[in-house]
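Worksheet for the structure shown next.
Quick note: the coordinates plus some simple rules give every number you see, no bench work behind them. Values in this document were obtained by computation on a predicted structure and should not be read as measured data. Cβ placement follows ideal geometry from the backbone for every residue including glycine, while neighbour counts extend to all protein chains displayed.
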Amino acid sequence: MADRALSTLPLKIRETRRRRVSLAPFLQAPWLWAAALLVCLLIVLPIVYLMMRALGAGSGLLDVFLNPSLAATLARTAGLAAAVTFSTVLIALPLAWLTTRSDLPLRRMWTVLSVLPLVIPSYVGAYLFISFLGPRGLLAQALDGITGGKALPSLYGFSGSWLVLTLLTYPYILLSLRAAFQRLNPALEEAALSLGHTPAQVFWRVTLPQVRPALVAGGLLVALYVLREFGAVAMLRYDTFTRVIYTHYRSSFDRSTAAALSLVLVALTLLVLWLESRTRGRGSLVSPGQVPRPQKIVRLGAWRWPALLFCVLIVGSALVLPAGVLLYWLLRGLQAGEVLVPLLEAVRSSLLAGGLAALASLVAALPLATLVVRQPGWASRLAERVAYTGYALPGIVIALALVYFGANYALPLYQSLPMLVLAYVILFLSLALGALRSALLQVNPNLEEAARGLGHPPLRVFFKVTLPMIRPGILSALALVFLTAMKELPATLLLSPLGFKTLAAAVWSSVSEAYFAQAAAPALLLILVSSLPLALITLRENNA
Amino acid sequence: MSFRTTLISLFAFACVLVLAACSPASASEVQPLVIYSGRSENLVAPIIEQFEETSGIPVEVRYGSTPELAATLLEEGQNSPADVFFAQDPGGLGAVEELLAPLPEELLSPVSKRFRDPESRWVGISGRARVIVYNTDKLSEADLPTDLEGFTDPQWKGRLGWAPTNASFQTMVTAMRVTWGEEKTREWLEGIIANEPAVFDGNSPIVAAVGAGEIDAGFVNHYYLFRFLQEEGESFAARNYFLPGGGPSSLVMVAGAGILESSDNQAAAQKFIDFMLSPVAQQYFATQTFEYPVIEGVVTHRELPPLETLNAADIDLASLSDLQGTVSLLQEVGALP
C-alpha cells in the first residue's frame, strides 16, 4: 500500500508534551524566557487598560450585553471572518505555489504585485471598490451605453464586504505560505514520487501537511483582521462587532462600554486561537538531517496560460483596479486645477514607521517564536496567545491604552518615536510571530543540537545555524509587518511625535473630506514606495 | 554581503534613525503652540500657517478624528501636551468640557451668542448648515418637501441616504428632540427607517452616491458638495437644497475650538482663537472651505445663501448638548448598532 509506504518516510514527528505545569523549561533558557516575559508584559498593557475602563462602566453595561442584537452581530462577524478566511486560502495557496515552485512567466513581477494589496488601508480600499463597482460607480457609468443607465447589483452588505476584504487580506496568507514553500525539503516529495504517488497525491499528502502551519498562521491573521476590521465594513454597510465598539467611542464618547465590548473581542480572539490550535495539528514536521536542497521548479507547460490568467485576475482586481481608480481621481483633479502638496516628508515618515515597526517586531518575536517551537508547554502557549490579542484588538483601543499609560506614567516617552514603535510591536508582533514560528517548525533541532554539541554558544548557534535556515521566514515577517505598519492609522495619528505625517494619514484625511486628487497622490505613492523593499527581497531570494 | 550582515546593518541603521529622531529639534525661543485638530489638514493647514506667520508663534498640529482626539484628551487628563482642541462639532468639545478653560469675554464678543458655549468654554469658529443634497437629473427643488417631516412620505421609499453615525446628523436629531419632543422625533426616525434609507459612513459618500444617481437625496452638511463640484466640475449631478421650514429642518451648526485648562501656553492659545475669529480667518473659511462665518461683516461665498436667509435663528446650539439621549434613541429605533 502506498499509504503504508509513505508513513515510513523519514519524517520525524514530535508529539507536543502533555499539558502539565512544569518549571523545567524556564531553567533551560532563562534569557529567552526573560525576553519573552518582557514582550508579554508589554502586550498585556492594553488588556489591563480595558479591564480598568470596563470596571468604570455603570449599570448600563448589563443592557449592552443583554441586547439581543449583540449576539446577532457577533454571529455576523464570525460568519464574515470564516468566509473571508476560506476564500483567501483559495487565492493564496495557488499564488504561493505558482510564485515559488513553478516556471510561471514573469514570476518575480507577480511575486511583488500580488503582495501589494496589503498596503491599501481597508477604509480607502472599500471607498475605491465602491467608486468603481458600486451600483452607480465608474463601471456602471461606463456601461450606461449598453445597460441604459441601470444600476449594477449592490456591492453593499455581506457579499461586498466579503469580496473587498478577501482581495485586501489574501497577502497575509500568501506571504506566510511563500516562505514555507521556499523551505520545503524536495527530498520528501521525490521519495513520495518514487514510491508511485501521482503529483497530485504528493501535493495533498506530502507538500500540504508541511506548509500547513504556515497556512493556518496566515489564515489566523486574516480571521483576526476581519474581527477587528472597522473602516471597510462601515463603508460597505455590514455591521460587525468592532463597528459597535466604534459607535460607543465615536457617538457617545463612552470609553467604558467600548472597553467592555473590546474584552468580548479578546475572548472571541482566544476562541479563534483555540480553534487554530486544533487545526494546526499536533507536533511539528521536520525534515531529516540534511539541510534542504534548492527547490525543483515545476514546468507548467500548457497550464501556464490558466495560471497566468489566474494571476492577472487576482492582481487585476486587488491592485490594478484600486490603483486605476486612484489614477483616475488624480488626473481628474489635476485637470480641474487641484494643487498637490509636497509629500517627500510623508514618504520618509512612512518608510521610517514601517521599517522600525518591522525590525522591532522581528526582534520582539524571535525569543517568543523560539520558545513556542523549541519548548512547547503551557507557558509558551500562553505567551503566544497573549501576543495575538494585540493584533485582534481595534487599533484605537491599543492606541488609547498607550495614550493612558504614556501620558500618566511615562510622560518623557509619550508621543515620541520609541513609543510609537512600542505601539507597533503590540499591534504587529503576532504577524512576525506566525511567520517565524512556521519557519522554525521546518528547522530540524538536531542541527542546532549538533552545533551546540560541538561547543558553540547558543547565540552563535542561532546566527550560524538557525538564522540562515529561517531566512525566508524572517523576510516574510519583515514584509508582513512593514506593509501593515505603512497603512496603520489610529496609533500613528495619536502616538507619533508631533508633526509626524505618514502617507496613510494623508490619504485618510483627504478621502474623508472628499479631496480625491489629494488622496490619490499619497495613496499611489504608498503603493509605489512599498513595492521597492518587496522587489529587493524578491531579487535576493532568487539570487540565493 | 551576507544575510546576517544585512540584518545587523539594517538594525544599526534603525538605531541611528531613532536616535536622530529623538534628539531635540533646534531649540526655538518661543514655545510652540500645540493644537489637536479634529478638522482635516486639507481644510485648516493653510490658515494655521497664516497664523504662524502673522503671530510669530510656531504651531504643532496633531490631526485626527474629533471623537478619537476627544478620547485621547480624556485619557491624557492634566498631562495633555495639547493647548487647543479644534473640533469638527460641538459634541466633541462637549465631551471634554471639564478639561477646558473658560475663554475671556473680549475674545468671544464678536461671535453671536448662539454659536458659543453659554459657559464660554468653547467658541464656534465656522458655521455649517444641514441641507438636503439631491440628484439634479431626477429631481428639482420643486419636488422636494419644505421640511424634514416631508421625507417620511412613502414616495421616498428606497430613494434616501443618511449617516446615523455622523456627529452632525446626530446634532440634527438632538435639535428635533429639543424642538419637537421625543415622541415626534421617534416617529420621524421610524418613518425614515420605513423608507429604507441607504446607510452611509459619512457625509461625503452620501454626496458621491447622490451625484452618481445611486440615491435621489440625502441628509448632509452643506459644504461637501463644493468639493465635488471643484473636482468633478459643474456637470456633477447634485446640488444642495436648504429646507425653508425652519426649526431642525434649517439647522446651522459650528465647528469650534477651546483651550485646555492644563495648557501652560494660555496666552498663545488665546491669540490663536482670536486670530481664528478675525476677519482674515473668517474670510478664509467663507471663501476656501465654503463655510459660514461666525462674525458679522464677512461676505459669504456667492454660491451660498446668506446666513440671515436660512430661517435658522430659533435654535440655540447650547441647548443641543444631550448627545447621549440622541444616541440612545437612535439605538432604540435601530438606526445605530
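For the pair B:GLU97 and B:GLU190, how long in nm is the line joining their label points, each one 7 Å along Cα→Cβ?
3.1
Each residue of the range B:46-61 in order: what ³J(HN,Hα) in whole Hz does its phi give by Karplus 6.51 cos²θ - 1.76 cosθ + 1.60, θ = phi - 60°, with x for Gly and Pro?
In residue order, the calculated couplings are x, 6, 5, 4, 5, 4, 4, 5, 6, 8, x, 8, x, 10, 10, 10 Hz.
Could you give the dipole magnitude of the range A:362-515 about its Cα centre, charging the beta-carbon of Lys and Arg +1 and that of Asp and Glu -1, in debye to the nearest 20?
Roughly 380 debye, rounded to the nearest 20.
Search the structure for amide H atoms under 5 Å from the amide H of B:ALA198, placed 1.01 Å from N in the peptide plane, and list their residues when 5 or more places away or on another chain.
Under 5 Å from the amide H of B:ALA198: B:LEU160, B:GLY161, B:TRP162.
Could you tell me the number of lysine pairs in the protein assembly as shown with C-alpha atoms less than 27 Å from each other, where the two lysines are 8 or more residues apart or belong to different chains?
Counting lysine pairs in the protein assembly as shown gives 10.
Loop sites only, by DSSP: take the GluC sites (Glu not before Pro) in chain B that have at most 16 other C-beta atoms within 10 Å and name the longest stretch containing none of them.
The segment B:120-233 is the longest one with no such site.
Relative contact order for chain A: what percent, with Cα pairs under 8 Å and sequence separation of 6 or more?
So the answer I get is 24 percent.
Based on the Cβ-Cβ distance of B:ASP147 and A:LEU498, what FRET efficiency does E = 1/(1 + (r/R0)^6) give at R0 = 45 Å, to the nearest 0.05?
0.50
When Cβ neighbours within 10 Å are restricted to other protein chains, what is their mean count per residue of peptide B:319-329?
Across the residues of B:319-329, the mean count of other-chain Cβ atoms within 10 Å is 2.
Find the Cα radius of gyration of the range A:386-458, compare it with 2.2 N^0.38 Å by division, and give the number to two decimals.
Compactness ratio reported: 1.62.
Summing -39500 (n - 2.57) over the DSSP H runs of n ≥ 4 in the protein assembly as shown and dividing by its residue number, what mean residue ellipticity at 222 nm do you reach, to the nearest 500 deg cm²/dmol?
-19000 deg cm²/dmol
Would you mind ranking A:SER194, B:SER37 so that the residue whose beta carbon has the fewest other beta carbons within 10 Å leads the list?
Fewest-to-most ranking of A:SER194, B:SER37: A:SER194, B:SER37.
I'd like the Karplus ³J(HN,Hα) series for the range A:113-118: coefficients 6.51, -1.76, 1.60, θ = phi - 60°, whole numbers in Hz, and an x wherever there's a Gly or Pro.
5, 6, 8, 5, x, 4
In percent, how large is the relative contact order of chain B, given Cα pairs closer than 8 Å and 6 or more residues apart?
25
Within 10 Å of each Cβ of A:66-75, how many other protein chain Cβ atoms are there on average?
1
State whether the range B:88-178 is rounded, prolate or oblate according to the following rule on the C-alpha gyration tensor (a ≥ b ≥ c being the square roots of its eigenvalues): a/c under 1.5 gives rounded; otherwise a/b larger than b/c gives prolate, and the remaining case gives oblate.
prolate
Using modelled backbone amide H atoms (1.01 Å from N, in-plane), which distant-in-sequence or interchain residues come within less than 5 Å of A:THR502's amide H?
none
Give me a comma-separated list of calculated 3J(HN,Hα) values for the range A:121-138, in order, Karplus coefficients 6.51, -1.76, 1.60 applied at θ = phi - 60°, integers in Hz, x for any Gly or Pro.
x, 5, 4, 5, x, 4, 4, 5, 5, 5, 4, 8, 9, x, x, 10, x, 4
Over the range B:39-147, calculate the relative contact order: mean separation of alpha carbon pairs under 8 Å at least 6 apart, over the residue count, as a percent.
So the answer I get is 18 percent.
With a 10 Å Cβ neighbour count serving as the proxy for reagent exposure, in which order, fewest first, do B:ASP264, A:ASP239 appear?
Ascending number of Cβ neighbours within 10 Å: B:ASP264, A:ASP239.
Hey, got the average number of other protein chain Cβ atoms within 10 angstrom for residues in B:75-82?
Mean partner-chain Cβ count within 10 Å for B:75-82: 5.
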